[in-house]
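What follows is a set of notes on a single structure, which appears directly below.
The values are calculated or read from the model by the stated rules, or taken from the named source; none is laboratory data. Note that this is a predicted model, so its numbers are computed, not measured. When we count neighbours, we look across all protein chains shown, and the Cβ atoms used for this are built from the backbone with ideal geometry, even at glycine.
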Amino acid sequence: MFWRVVMAEVEKNLKQFFFTARTLFWTLMLPLGNGLYLYFLYLPFAVKSVSLEFNASWYALDLVGFTLIGQLLYTFYTMMLLSGATFEREREQGTLEALFLSPANRIAVIFGGALSSALNYVWFLFGILLSWVAFVGVKIMISDFLALFASVVLSYLSLVMLGMCFEALFVYSRRGGMYATMLQEPMMFFSGLVFPLQAMPIALLSVSYLIPLTFGLISMRLTLLGAASMSDIAVPLMALASMTLVFLMLAAWLIGQAERKAKAKATLAQF
Amino acid sequence: MEARHLSRDYVSTKRSHFIGKKTASIVRALDHIDFEIPEGELFGLLGPNGAGKTTTVKILCTLLEPTGGKAFVKGFNVVKDAARVRRIVNMVAGGERMLYYRLTGRENLKYFAELYDVPKKEIESRVNTLFDLVGLSERADDEVEKYSKGMKQRLQICRGLINDPEVLFLDEPTLGLDVNIAKDLRKFIRERIVEEQGKTVLLTTHYMYEAEELCDRVGFLNKGKLIAVGRTDELKRKMPSGFSMEVLVTRLTDEALEGLRRLEQVKKVLTTAYEAEVEGEKIDRLIVNIDSDRATPEVLNCLSKMGCQVVSVNIRGPTLEDLFMFYTGG
């Protein structure tokens, strides 16, 4: 029954999102603006590469690739935030009650929600890649494909689990949207999205290392652009794997709490 | 289905101003209610807005926790065995919510069928049968946002039946529907859901005629208290007299009402709102509970003496509305 609910959620959310062909078109076009913004951010400095220090080693990474990976992962993170916002819509249209009236597994419901946003992201991904390939080339340096695969899978998976936490948060509170918006800019800053982490004041680095996006960016940038091997990125991979588990458990706990609170305080129908 | 001393309090918080201190107050929505509904019965829970009807339904279908007492559906505790209860119940609420507007009617039903783990092979036929039942087959593949209010309500009924529930909660199902659609829906509930399929139904409504037409037994809920439960004919027998006069009058005064209440054959006089005028004068509606129809001339004389203008008179046996007013004191 778990997977039936997951697939039903995915189908429902995708059908609701891709309501018209115009939505599809703009989903492809939207990342273009963000990509151009990132590209022109560095253009006046006439730099071709970014020096990234990790694990006492220095990597010279292609600048375009550096920002491209930042955009890829940050867009995915935003999609996960948006998957939480779908529960706001459920609340408004009264379907949240219909959902909680059913015996459907609650974790399957939020997993389905996050997964549909992940699938939705595929369109954004095309948009991002198309826009970058069309404008500029990227110098890719891969030496360990397994390490790259592990980086991609764990980066995205940890963010999916984080997305599930956001969804549970949106069921828990009507202010979910506000909290999620408040997290956007700090996430951008602390994860090292637009600058290498060695530029970050040491006192703030501990915050960076609590964010999956930080480790996702390190491991994907190093394996795709810096020819890093599995042993080079073992620490960020382990961090991502641990965060995936922690966020999964947190999401399961949060959705349980959210349902209990909603039943005790009669908040499911409030919007 | 059973409720034992069921209570529900809501905490209402208020601030004196935008950044002022919060003060909390308790609102008792349900006050120790007890009732039992046998299998296959259509039970009506009646009461005005805010009486506690929806709160009762939400507790019984596991969407809300009681703050006191217990409730059981098919022997399962709605709090401790919530997961089991959810498998055998469903709920239809009045209004246009609880549906996905951007999906078609068919997509909505298929989605809910998956949530309820309806066997894959059965989904298509069950969905088609439900659309046939409510007469929506021709519009099944249109987006719900293109449906009329009545069509959305019929689709809600389909959603409520998608898991073939043993117990169905209908919370003001005809709210806002036009007369003909509401009538068809009532017929559908009585004939198809209760008589043909033998389901247990708890219907809440504040339309008394609806309950009178549909329910085997009714319960009157007022300000969170269940004040009477029984078959309508049994409850009617408890009325102090068998007749009611419905009198529409203009120029009604407090003195006229007092005069009526002093008459020997008059048991009770109630006034209700009647939003109409005749020759620019406001009409009031009186329900006068009398011993026998022989009291009619006396009542009309009294009104005439007090300067009231009688617009119309209707003498009838007591209705559920009279019963409700009798139990709640109007």
### Message
Among (1) in contact with an Asp or Glu (Cβ under 8 Å, 6 or more places away or on another chain); (2) surrounded by fewer than 17 Cβ atoms within 10 Å (Cβ to Cβ), there is one condition B:Lys22 misses while meeting the rest; what is its number?
### Response
(1)
### Task
Hey, can you tell me all the residues within the stretch B:84-110 that are out of contact with any Phe, Trp or Tyr (no Cβ under 9 Å at 6 or more places or on another chain), within 7 Å of chain A (Cβ to nearest Cβ) and free of Cβ contacts under 8 Å to residues at least 24 places away in the same chain?
B:Arg97
### Query
Mind checking which residues of the stretch B:190-204 are within 21 Å of B:Leu133 (Cβ to Cβ) and either in a loop (DSSP other than H, G, I, E, B) or under 14 Å from the mean Cα position of the chain (by Cα) (or both)?
B:Gln197, B:Gly198, B:Lys199, B:Val201, B:Leu202, B:Leu203
### Query
If you scan the stretch B:158-178, which residues turn out to be closer than 22 Å to B:Ala82 by Cα, more than 13 Å from chain A (Cβ to nearest Cβ) and surrounded by 19 or more Cβ atoms within 10 Å (Cβ to Cβ)?
B:Leu161, B:Leu170
### Task
Please verify whether the stretch B:46-57 includes one or more residues that are more than 11 Å from every other protein chain (Cβ to nearest Cβ), assigned to a strand (DSSP E or B) and either touching a strand residue (DSSP E or B) at 6+ places or on another chain (Cβ under 8 Å) or of a type outside the set (A, V, I, L, M) (or both).
yes
### Task
Please determine, by comparing only the residues of the stretch B:238-283 that are β-branched (Val, Ile, Thr) and closer than 20 Å to B:Pro318 by Cβ, which one is modelled with the lowest pLDDT.
B:Thr272
### Task
Tell me, please, whether a residue that is assigned by TED's automatic domain parsing to the domain that holds B:Asn49, assigned to a helix (DSSP H, G or I) and within 27 Å of B:Lys58 (Cα to Cα) can be found in the stretch B:161-173.
yes
### Message
Here is a list: A:Phe189, A:Phe170. Which entry is at pLDDT 90 or above and of a type in the set (Phe, Trp, Tyr)?
### Response
A:Phe189
### Query
Which of the residues spanning the stretch A:191-250 are buried (at least 18 other Cβ atoms within 10 Å of the Cβ) and of a type in the set (Phe, Trp, Tyr)?
A:Phe215, A:Phe247
#### Entry: Filter result for the condition that a residue is in the same structural domain as B:Asp34 (by TED's automatic domain parsing), surrounded by fewer than 20 Cβ atoms within 10 Å (Cβ to Cβ) and over 19 Å from B:Leu202 (Cβ atoms), over B:Lys110, B:Lys70, B:Lys80, B:Lys74
B:Lys80
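Tell me, please, whether a residue that is in a helix (DSSP H, G or I) and within 30 Å of B:Lys152 (Cβ to Cβ) can be found in the stretch A:146-161. Before the answer, list the steps.
Initial filter on the stretch A:146-161 (in a helix (DSSP H, G or I)): A:146-161.
Now narrow it down to the ones that are within 30 Å of B:Lys152 (Cβ to Cβ): none.
No, the stretch A:146-161 has no match at all.
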